[in-house]
1. Evaluate the following for SER57: is it among the polar types (S, T, N, Q), open to solvent by less than 60 Å² (accessible area, probe 1.4 Å) and within 27 Å of ILE6 (Cβ to Cβ)?
2. So which pairs qualify, if the first residue must be in the range 124-136 and closer than 14 Å to LEU207 by Cβ and at pLDDT 85 or above, the second must be assigned to a loop (DSSP other than H, G, I, E, B) and open to solvent by 90 Å² or more (accessible area, probe 1.4 Å), the Cβ gap must be under 6 Å, and the two must be at least 6 apart or on different chains?
3. If I ask for residues that are in contact with a helix residue (DSSP H, G or I) (Cβ under 8 Å, 6 or more places away or on another chain) and modelled with pLDDT under 75, which ones from the range 49-75 would you list?
4. If SER171 meets every condition in (1) at pLDDT 80 or above; (2) open to solvent by 30 Å² or more (accessible area, probe 1.4 Å); (3) under 18 Å from the mean Cα position of the chain (by Cα); (4) not acidic (Asp, Glu) apart from one, which number is that one?
5. When the residues of the range 212-235 are filtered to those that are modelled with pLDDT of 90 or more and open to solvent by less than 40 Å² (accessible area, probe 1.4 Å), which remaining residue is nearest to the chain's Cα centre (by Cα)?
6. Which residues, counting only those in the range 118-152, are buried (at least 17 other Cβ atoms within 10 Å of the Cβ) and touching a Phe, Trp or Tyr at 6+ places or on another chain (Cβ under 8 Å)?
7. Here are LEU161, LEU181, LEU208: which of them is part of a helix (DSSP H, G or I), closer than 19 Å to THR66 by Cβ, modelled with pLDDT under 85 and open to solvent by less than 40 Å² (accessible area, probe 1.4 Å)?
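The values are calculated or read from the model by the stated rules, or taken from the named source; none is laboratory data. Note that the coordinates shown come from a computational prediction; the quantities given were computed from them, not determined experimentally. Don't worry about glycine lacking a Cβ; one is built from the backbone with ideal geometry, like all the others, and counts go over all protein chains shown. Just the protein is used for accessible areas: all its heavy atoms, side chains included, with ligands, DNA and RNA removed. Shrake-Rupley method; radii C 1.70, N 1.55, O 1.52, S 1.80 Å.
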Amino acid sequence: MIDLLIGEFKRTWVQTLRYPSEVIGGVVILTAVFYGIFIGAQYISGSSGSFGDRLDSIVVGYVIWTLVVYIVNDIATNLQTEARTGTLEQVFLSPFGAPKVFLARAIASLTLRFLLILAVLAIIIAMTGSQIAFPPVLLLPLITLLLSAYGLAFFIGSFALVLKKVQQVLSMFQFVLFFLLATPTEDWTGPARIVANILPILPSTGLLRDLMARNQGLDWNRWVIALLNGMIYFTIGTLLFRWAEGQAKRQGTLGSY
């Protein structure tokens, strides 16, 4: 597995150096989209133009959304690219198995993506004056967030294996995620709170907003819920991907596009 990870890191790094315009374009687009949202919200808020501590929550929500959307799209996009280039069957013949290959590829890609998101975050903080905190303990909800996001990525990847074209599903998913991640679901109570704990990613998002935007400590009970949420969605996602792999092999449609 370590050899596989090193190989995927080298592959991702070479691709990044070969197509630097993709990285620069990503930074510009993500920053421009947020600045558009910021200017629009400032206009709606009136002459004062003050958001208070809500500005930090908006920034955290936006950064989490860009990270999750990238992860969720990554495996499905990779599957479609491999199918178009005719190398998908070779990936599935790997001795590591397709889920491990795509997971290693996603982790390698995510490492470089983190650098891009940090660059975008630094620009946003400089433009808006946001004062987000970065306590070391935020790594714990970040891990649960990644578990849940990769579970969704395998879930969407299984659709790509069986249905082949899932661009519209991915677009719809982005809007649903934007709505969910922009909503402060951690403030919900009663039955709505239970729903927020069951839906993917939301428990981790609430903890990250508390730590980074509201300077609160880590609520360990909520973190256990976020961990269970992440582990359940990751397990379901990988099991569904295995099932879709078997279906595609039985139907002989693995390498078709």
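1. Working: among the polar types (S, T, N, Q): yes; open to solvent by less than 60 Å² (accessible area, probe 1.4 Å): yes; within 27 Å of ILE6 (Cβ to Cβ): no.
Here the answer is no, as SER57 does not meet what is asked.
2. ALA133/ASN215
3. Going residue by residue through the range 49-75, those that are in contact with a helix residue (DSSP H, G or I) (Cβ under 8 Å, 6 or more places away or on another chain) are 49, 51, 55-75.
Within the range 49-75, GLY49, PHE51 qualify.
4. (1)
5. Within the range 212-235, the match that is nearest to the chain's Cα centre (by Cα) is GLY230.
6. VAL120, ILE124, THR128, LEU140, PRO141, THR144, LEU147, SER148, TYR150, GLY151, LEU152
7. Details: LEU161 fails: closer than 19 Å to THR66 by Cβ; LEU208 fails: modelled with pLDDT under 85.
Every option except LEU181 fails the conditions.
Residues are listed down the side, and each one gets a yes or a no for (1) of a type in the set (Gly, Ala, Ser); (2) part of a helix (DSSP H, G or I); (3) over 24 Å from GLN42 (Cβ atoms); (4) touching a Leu at 6+ places or on another chain (Cβ under 8 Å):
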| position | (1), (2), (3), (4) |
| --- | --- |
| ALA106 | yes, yes, yes, no |
| ILE124 | no, yes, no, no |
| LEU142 | no, yes, yes, yes |
| LEU145 | no, yes, yes, yes |
| LYS165 | no, no, yes, no |
